[in-house]
Amino acid sequence: MRKTLLALLSLTLIALADPTGSTLKIGQKVPDFSLTDQNAKKVSLGDFKGKVVLVTFLYTQCPYPEKCPMLAQKLGKTRDLLDQVESAKGQFQVISITLDPKRDTPEALKKYAQGQDENATNWTFMTGKASEVNKVASLFGVIYYTEKGVIDHNMRTAVIDRKGKLSKLFTGNDWKPGEVAALVRDLADQRP
């Protein structure tokens, strides 16, 4: 009970200090970061330079259907919509970073990725040391903590433009795949 109250107080204080819940502001350049992908290879945000990048945070054992599973489903639909737009093909990348690096090893992420879309070349799942994941998550205002073996977290989906700047930060899971696909398409049409 006390742990829950402290976590809620922390979330409240952070929200009051920064109403968007984000360290980065719209228009700021996103610092490069490197984590390990589902193929156990080091991958950096900079590897996708010149593309529009969606960055999300989830974990494979998430028990909340309205959180990570819904996010993965929406990302899949967004990718499907973008794959139908000729000008967007090859111009975007989805990065999903685990909030549970202890259990979400590259092997676990690979299995999870195959459950989403085993042919997805533009969807990378990433893990790393807990400190590395936390550093990246904090850039986007992601707050998470473990209680009784379950990770509770807020939801963030960041859209990074072709120049590497934060273009949009969706909070929660209320966004629609068509809305994000249209934004990605518009950003992909802009030259870096």
Search result, residues across the range 83-104 that are within 18 Å of the chain's Cα centre (by Cα) and farther than 16 Å from C62 by Cβ: Q91, F92, Q93, V94, I95
Test: residue in the range 48-60 that is of a type in the set (F, W, Y), surrounded by 18 or more Cβ atoms within 10 Å (Cβ to Cβ) and within 13 Å of the chain's Cα centre (by Cα): yes
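Filter the range 147-184 down to the residues that are of a type in the set (K, R), surrounded by 18 or more Cβ atoms within 10 Å (Cβ to Cβ) and either within 17 Å of F48 (Cβ to Cβ) or in contact with an Asp or Glu (Cβ under 9 Å, 6 or more places away or on another chain) (or both) and list them by number.
Narrowing the range 147-184 to residues of a type in the set (K, R): 148, 156, 162-163, 165, 168, 176.
Those still in the list that are surrounded by 18 or more Cβ atoms within 10 Å (Cβ to Cβ) too: 156, 162.
Answer for the range 147-184, where residues must be of a type in the set (K, R), surrounded by 18 or more Cβ atoms within 10 Å (Cβ to Cβ) and either within 17 Å of F48 (Cβ to Cβ) or in contact with an Asp or Glu (Cβ under 9 Å, 6 or more places away or on another chain) (or both): just R162.
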Of the criteria (1) under 21 Å from S131 (Cα atoms); (2) at pLDDT 95 or above; (3) surrounded by fewer than 20 Cβ atoms within 10 Å (Cβ to Cβ); (4) not polar (S, T, N, Q), which one K25 fails: (1)
Residue tally, condition closer than 19 Å to G178 by Cα and either touching a residue at least 24 places away in the same chain (Cβ under 8 Å) or aliphatic (A, V, I, L, M) (or both), over the range 55-73: 7
Residue check, T98 under 20 Å from T146 (Cα atoms) and either among the hydrophobic types (A, V, I, L, M, F, W, C) or crowded, with 22+ Cβ neighbours inside 10 Å (or both): yes
Top-ranked residue of the range 107-142 - restricted to ones that are more than 29 Å from K89 (Cβ to Cβ) and either modelled with pLDDT under 95 or among the acidic types (D, E) (or both), ranked as surrounded by the fewest Cβ atoms within 10 Å (Cβ to Cβ): E107
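Quick one: is T98 among the β-branched types (V, I, T), within 18 Å of N154 (Cβ to Cβ) and at pLDDT below 95?
Working: among the β-branched types (V, I, T): yes; within 18 Å of N154 (Cβ to Cβ): yes; at pLDDT below 95: no.
It is false that T98 is among the β-branched types (V, I, T), within 18 Å of N154 (Cβ to Cβ) and at pLDDT below 95.
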Some residue of the range 47-54 being touching a residue at least 24 places away in the same chain (Cβ under 8 Å), assigned to a helix (DSSP H, G or I) and either within 18 Å of D161 (Cα to Cα) or not hydrophobic (A, V, I, L, M, F, W, C) (or both): yes
Residues of the range 94-113 classified as farther than 23 Å from D174 by Cβ and not basic (K, R), total: 10
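The values are calculated or read from the model by the stated rules, or taken from the named source; none is laboratory data. If you're wondering where the values come from, they're calculated on a predicted model, not measured in any experiment. Counting neighbours? That spans all protein chains shown, and the Cβs are built from the backbone with ideal geometry, glycine included.
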